[in-house]
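J.: Below: one structure in structure tokens.
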Amino acid sequence: MEGLVAEGGETIEEIEKGPVRDVMLIVGAQKVEHYEIAAYGSLITLADQLGYADASRQLKETLQEEKATDEKLNGLATSEVNRQALEAAAEIEPAQ
Ligand SMILES: [Fe+2]
């Protein structure tokens, strides 16, 4: 997780403010969400196997929140911002 957060910091430092940076930050946020989804999924399995029903319920609730956040990020990723980023990137490096 520290690596993912550091990666986000590098994105902010290395890419100038604009649609390309926005897209890269959305990508970074989705990496974090997917990491959390994997972790909560594994913890739910362990809690279920150990008979920790309350912990399992709480973890499942959190997992649903993580999935909802991921869906919101999917919505952002498929919105206008991706098209703007592609146009901005094309201006920086013309397609070959
Ligand atoms: Fe999250």
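Each reported figure results from applying straightforward, stated rules to the coordinates on display, with no laboratory input. Since this is a predicted model, take the numbers as computed values, not measurements. So basically every Cβ, Gly included, is an ideal-geometry build from the backbone, and we count neighbours across all protein chains shown.
J.: Can you report the number of residues in region 47-66 which are more than 16 Å from the ligand (Cβ to nearest atom) and either surrounded by 13 or more Cβ atoms within 10 Å (Cβ to Cβ) or aromatic (Phe, Trp, Tyr) (or both)? Before you say what the answer is, go through the steps one by one.
T.: So the first thing to find is which residues in region 47-66 are more than 16 Å from the ligand (Cβ to nearest atom), and the list is 47-57.
Applying the additional criterion that residues be either surrounded by 13 or more Cβ atoms within 10 Å (Cβ to Cβ) or aromatic (Phe, Trp, Tyr) (or both) yields 47-48, 52, 55-56.
Total satisfying the criteria: 5.
J.: On to the next question. Please state which of the following conditions Thr69 fails to meet, knowing it meets all the rest: (1) within 16 Å of the ligand (Cβ to nearest atom); (2) in contact with a helix residue (DSSP H, G or I) (Cβ under 7 Å, 6 or more places away or on another chain); (3) closer than 16 Å to Leu4 by Cα.
T.: (3)
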